[in-house]
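Worksheet for the structure shown next.
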Protein chains: 2
Amino acid sequence: MDKKTEKSEKVTFNISKDKEFSSWFSEIIKRAELADLRYNVKGFVVFRPWSVTVMEKMYDFFEKELQAQGHLPCYFPAVIPEENFEKEAEHVEGFEPEVFWVTGAGENKIKRLALRPTSETAFYQLYSLWIRSWKDLPFRLYQRANVWRYETKATRPFIRSREFYWIEAHDCFSTREEAERQVKEDIEVTERIMHQKFGIPFLPLKRPEWDKFKGAVYTIGSDSIMPDGKVIQQPSTHLLGQNFSKAFDIRFRDKDGKEKFVWQTCYGPCISRIFASLIAIHGDDNGLVFPFCLAPIQVIIVPIFKKSNKEKIEKECINLRNIISEENISVDVDLSENTPGEKFYFWEMKGVPLRLEIGEKEINDKKFTLFIRDIRKKIKVEGKKLISEIKKQGEELDRRLKENADKNFKNSIVDAYSKKEIEEILNKKKIARCNFCSISDEGEKCAEIIEKELLASIRGVRADIDEKPFDKCVICGKDANFVVYIAKSY
Amino acid sequence: MDKKTEKSEKVTFNISKDKEFSSWFSEIIKRAELADLRYNVKGFVVFRPWSVTVMEKMYDFFEKELQAQGHLPCYFPAVIPEENFEKEAEHVEGFEPEVFWVTGAGENKIKRLALRPTSETAFYQLYSLWIRSWKDLPFRLYQRANVWRYETKATRPFIRSREFYWIEAHDCFSTREEAERQVKEDIEVTERIMHQKFGIPFLPLKRPEWDKFKGAVYTIGSDSIMPDGKVIQQPSTHLLGQNFSKAFDIRFRDKDGKEKFVWQTCYGPCISRIFASLIAIHGDDNGLVFPFCLAPIQVIIVPIFKKSNKEKIEKECINLRNIISEENISVDVDLSENTPGEKFYFWEMKGVPLRLEIGEKEINDKKFTLFIRDIRKKIKVEGKKLISEIKKQGEELDRRLKENADKNFKNSIVDAYSKKEIEEILNKKKIARCNFCSISDEGEKCAEIIEKELLASIRGVRADIDEKPFDKCVICGKDANFVVYIAKSY
């Protein structure tokens with residue numbers, strides 16, 4: 001192997017995302033410097049600038065949308081007294097095994113405090129003091145926060161770790177109807193941001209009774225699919241009903257003069273998890289592909305020079321960077337000592353949507369070469385149209401990423417009429433859609449069969465549309481009351 | 001007392017900030033709903049939307065400035081293994097008494113983890129893996145994060161609590177000179193953001209040896225003054241030298257081929273603390289006064305109507321809100337059932353910079369009444385000039401707040417030639433400037449006298465200018481080597 005080949009092998013990524021997704025995912029995290037797994041506490045990772053810059057933009061999108069909907073931001077403490085935690089019986093039972101406990105301060109032993117695994121029991125303690133009248137409702141707060149859960153399943157960066165980065169919104173209403181309208185609005189937020197902006201398609205699924213959030217009346221999860229066919233739960237929204245308002249005594253005086261308990265919902269987009277879907281769904285065998293609207297660097301400029309014109313070309317590149325930057329486009333010039341080829345591969349692997357190649361010819365002709373990451377094509381752009389072309393190509397790239405993801409997602413859902421068919425569908429890395437007896441407790445036995453024999457789970461029934469069963473229950477053969485989606489999951 | 005007076009007494013604030021600052025501060029936090037102290041863990045408070053919206057804007061200002069300087073964002077875990085924590089001897093000695101310890105997970109006992117009180121010992125563990133060559137330097141990361149300290153001094157919301165909200169920047173350089181240049185740049189960031197934008201003046205003071213950050217070569221703190229004459233430490237920057245790089249083995253191969261330890265700095269703007277200064281310095285006897293650039297609502301519209309034209313006026317107000325809102329100005333209409341007078345007092349107390357009063361006359365004349373919060377004056381504005389006038393008045397308000405704060409701050413610093421004079425100056429709620437023997441260890445005895453007899457401390461010597469001593473040491477009478485600033489402090 002000559003020196004040149006060796007070098008370019010080092011810089012190219014070249015792992016089949018579809019065939020070896022697990023290696024692809026681990027390797028891109030390392031190569032693109034998204035996270036470092038060498039932090040010396042098990043299950044905790046360090047998130048590096050290349051992922052954090054994107055996650056910060058994702059936070060922005062979600063927070064603006066929540067604010068537009070009437071939510072206000074707040075900061076609640078990260079520690080929750082055990083007594084709060086124990087107020088809602090199902091909730092404590094569900095979360096206690098996962099709680100990290102703070103028990104000491106300096107040299108003192110203190111009454112133990114839970115590191116929040118989620119903040120219902122912190123927020124609602126105060127809600128009972130703040131909410132007095134129907135005039136205070138609806139009452140909608142959110143916080144961006146990190147939460148901690150002692151996960152016993154294998155941890156994977158972004159997908160599941162013991163500390164993760166999310167937003168939690170906690171809302172109160174005077175009636176169940178209004179609360180249920182909020183649940184629908186939450187799904188709409190997921191649709192508008194995660195799907196429309198980030199290009200991540202999902203199914204909003206009402207979870208079976210045995211799989212709902214502990215303390216909720218019902219849970220609607222959003223399932224996206226990863227390239228290995230496993231689904232990953234994205235933002236979920238919960239109708240809490242009056243379970244917590246009764247436990248925490250959150251009452252209001254209604255228009256009719258009567259004291260009533262509020263109706264509650266909560267919604268939790270996990271930013272670090274959505275990031276996992278983002279890179280997994282849009283990436284390709286050459287590495288990351290970021291949507292233009294989220295990329296840490298949207299345009300990378302690569303100077304093409306000989307020794308004789310290096311200074312001139314680099315100066316032109318810096319000029320151009322300043323011009324593009326003024327248009328609120330995130331842009332950089334690669335002035336490293338790598339060869340142009342190495343730079344091309346590197347920034348492709350990093351997922352930068354657009355690359356400008358600038359050499360003597362480009363400067364003289366006032367025509368630039370623009371490389372488009374997702375389709376890996378070069379186009380020529382006239383100098384004076386550069387800015388508008390960058391914006392246009394950015395939008396088109398985002399549209400294509402979403403369309404491709406949608407197409408793949410649609411093709412991933414296949415009807416099944418028997419356990420064997422479900423198995424075949426799962427083996428093809430897809431989601432099975434089939435008839436099922438019940439998602440109430442009486443269906444749990446059939447679900448257990450699927451769990452044990454196929455290592456998959458009943459993800460739930462569509463929350464956005466009404467689907468009528470078209471056959472008997474695929475497991476027990478009794479009358480089917482629901483159309484459910486079955487998948488392996490993270 | 002008739003009903004009307006009773007009502008208006010309920011809505012006016014009217015506490016003398018200068019005479020009763022402590023009551024003013026506690027009361028405004030409650031009345032303006034900035035924080036709630038009733039959370040059931042001692043020393044932990046809940047930050048409510050009216051303060052969080054401002055703190056989020058403060059984060060934005062600081063983060064953009066740090067990024068412009070070449071810092072990149074990252075997220076490090078909130079837990080730090082005890083073994084990391086113990087690597088730098090002085091550091092562990094300084095922080096251990098304040099650390100909250102996580103010792104349990106679910107039902108398991110785990111090796112104890114520190115909840116970060118600051119993140120040197122988390123970051124630098126990884127820095128030793130990331131930094132290899134002089135080409136990797138300068139290396140600059142920051143994170144926005146909450147940190148926890150088991151404070152034994154009395155806690156006060158925003159000023160000192162057991163959980164606070166800050167940014168920490170951790171930088172590495174190849175030489176001491178570059179590191180010291182960063183320390184100066186950090187002070188410049190404080191100047192450009194906290195002083196120029198937020199209008200909070202400060203003195204950058206090199207702390208005496210006995211008061212530096214544990215593990216640092218030296219510390220430069222920023223002292224602002226509160227209305228009660230106590231100074232409050234704002235962003236501090238530390239030259240860490242090679243203390244941590246030696247403890248954590250952060251080495252790089254320099255241009256000369258030799259392996260060297262990096263030179264480090266860290267910088268920590270505490271957002272919740274800057275918020276304390278912001279409200280204390282700009283507020284007045286009627287409540288809060290927010291700078292226009294930070295206000296959660298920049299313009300409040302109050303409709304003035306009779307029963308007969310209520311609908312029409314409110315509709316016009318909503319129209320106007322939509323027009324102003326399109327200009328990226330944060331604006332709202334008060335459609336509550338309160339009287340105009342109550343609304344005026346309420347939004348004055350909340351610190352909204354500008355108020356638009358809209359009645360029949362205003363609509364017919366196309367001339368609006370604009371009330372300016374800090375000077376409490378009304379001006380008339382022509383309809384077509386409204387947007388430009390709002391922006392202009394906003395800028396002028398910010399300029400005035402800064403100028404007034406600067407004037408007060410300048411007047412607060414008084415030269416002292418004896419212990420008695422220092423005492424008199426402190427009693428007048430001011431800062432004493434005087435000659436002092438030494439800020440190295442040999443000066444600590446004189447400092448202790450000031451500490452014990454005057455309950456004040458040597459805050460340090462100016463880091464921005466060189467001040468020559470003009471007399472003997474104010475305490476021991478020996479030759480003075482420094483001009484120091486003495487104050488009571490939070």
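The values are calculated or read from the model by the stated rules, or taken from the named source; none is laboratory data. Every value quoted in this text rests on a predicted model; they were computed, and no experiment measured them. We place every Cβ from the backbone using ideal geometry, glycine too, and count neighbours over all the protein chains shown.
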message = Any residue in the range A:61-74 that is within 11 Å of chain B (Cβ to nearest Cβ) and more than 20 Å from A:Arg181 (Cβ to Cβ) sitting within a Cβ distance under 6 Å of a residue that is of a type outside the set (Asp, Glu) and assigned to a loop (DSSP other than H, G, I, E, B)? List the pairs, counting only those 6 or more apart or interchain.
response = A:Cys74/B:Arg48
request  = Take the residues in the range A:117-128 that are within 9 Å of chain B (Cβ to nearest Cβ) and without any contact (Cβ under 8 Å) to a residue 60 or more places away in the chain, then tell me which one is surrounded by the fewest Cβ atoms within 10 Å (Cβ to Cβ).
outcome  = A:Leu126
B:Arg38 basic (Lys, Arg) and buried (at least 19 other Cβ atoms within 10 Å of the Cβ) = no
inquiry  = Residues to consider are B:Glu177, B:Glu151, B:Glu185; find the one that is surrounded by fewer than 22 Cβ atoms within 10 Å (Cβ to Cβ), acidic (Asp, Glu) and within 13 Å of chain A (Cβ to nearest Cβ).
reply    = B:Glu151
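Table: residues versus (1) crowded, with 21+ Cβ neighbours inside 10 Å; (2) of a type outside the set (A, V, I, L, M).
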residue	(1), (2)
B:Ile304	no, no
B:Glu314	no, yes
B:Asn322	no, yes
B:Asp332	no, yes
B:Glu357	no, yes
B:Lys366	no, yes
B:Arg373	yes, yes
key: Selected residue (only one of B:Ile422, B:Ile439 is in contact with a Lys or Arg (Cβ under 9 Å, 6 or more places away or on another chain), surrounded by 18 or more Cβ atoms within 10 Å (Cβ to Cβ) and not assigned by TED's automatic domain parsing to the domain that holds B:Ala276)   = B:Ile439
Set B:Ile450, B:Ile379, B:Ile390: member being without any contact (Cβ under 8 Å) to a residue 40 or more places away in the chain, in a helix (DSSP H, G or I) and touching a strand residue (DSSP E or B) at 6+ places or on another chain (Cβ under 7 Å) = B:Ile450
inquiry  = Among the residues of the range B:276-299, are any farther than 27 Å from B:Ser26 by Cβ, at pLDDT 95 or above, touching a Leu at 6+ places or on another chain (Cβ under 9 Å) and surrounded by fewer than 18 Cβ atoms within 10 Å (Cβ to Cβ)?
reply    = no
inquiry  = Can you report the number of residues in the range A:386-419 which are closer than 30 Å to A:Cys317 by Cβ and surrounded by 17 or more Cβ atoms within 10 Å (Cβ to Cβ)?
reply    = 9
remark   = In the range B:82-116, residues that are among the small types (Gly, Ala, Ser) and either more than 7 Å from chain A (Cβ to nearest Cβ) or under 29 Å from the mean Cα position of the chain (by Cα) (or both) total 3
inquiry  = For B:Ser236, only one of the following conditions fails: (1) part of a strand (DSSP E or B); (2) surrounded by fewer than 23 Cβ atoms within 10 Å (Cβ to Cβ); (3) touching a strand residue (DSSP E or B) at 6+ places or on another chain (Cβ under 6 Å). What is its number?
reply    = (2)
ask   = Could you give every pair whose Cβ atoms fall below 8 Å, whose first residue belongs to the range B:155-166 and is within 12 Å of another protein chain (Cβ to nearest Cβ), and whose second residue is hydroxyl-bearing (Ser, Thr, Tyr) and assigned to a strand (DSSP E or B), counting only separations of at least 6 or pairs across chains?
value = B:Tyr165/A:Tyr75
query = From the list B:Glu337, B:Glu327, which one is modelled with pLDDT under 95 and surrounded by fewer than 21 Cβ atoms within 10 Å (Cβ to Cβ)?
reply = B:Glu337
Filter pass, B:Ile271 being under 17 Å from B:Ala169 (Cβ atoms) and in contact with a helix residue (DSSP H, G or I) (Cβ under 6 Å, 6 or more places away or on another chain) = yes
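Would you confirm whether any residue within the range A:240-257 is on the phi > 0 side of the Ramachandran plot and part of a strand (DSSP E or B)?
Yes, some residue in the range A:240-257 is on the phi > 0 side of the Ramachandran plot and part of a strand (DSSP E or B).
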task = Among the numbered conditions (1) part of a helix (DSSP H, G or I); (2) among the polar types (S, T, N, Q); (3) facing chain A (nearest Cβ under 8 Å); (4) in contact with a strand residue (DSSP E or B) (Cβ under 8 Å, 6 or more places away or on another chain), tell me where B:Asn146 comes up short.
result = (1)
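Just to check your reading of the model, which residue among A:Glu20, A:Glu33 is within 28 Å of A:Ile281 (Cα to Cα), in contact with a Phe, Trp or Tyr (Cβ under 7 Å, 6 or more places away or on another chain) and not hydrophobic (A, V, I, L, M, F, W, C)?
A:Glu33
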message = Please go through the range A:130-143 and give me each residue that is within 10 Å of chain B (Cβ to nearest Cβ) and more than 26 Å from the chain's Cα centre (by Cα), ordered by number.
response = A:Trp130, A:Lys135
inquiry  = Among the residues in the range A:352-361, are any in a strand (DSSP E or B), in the same structural domain as A:Cys476 (by TED's automatic domain parsing), out of contact with any Pro (no Cβ under 8 Å at 6 or more places or on another chain) and not small (Gly, Ala, Ser)?
reply    = no
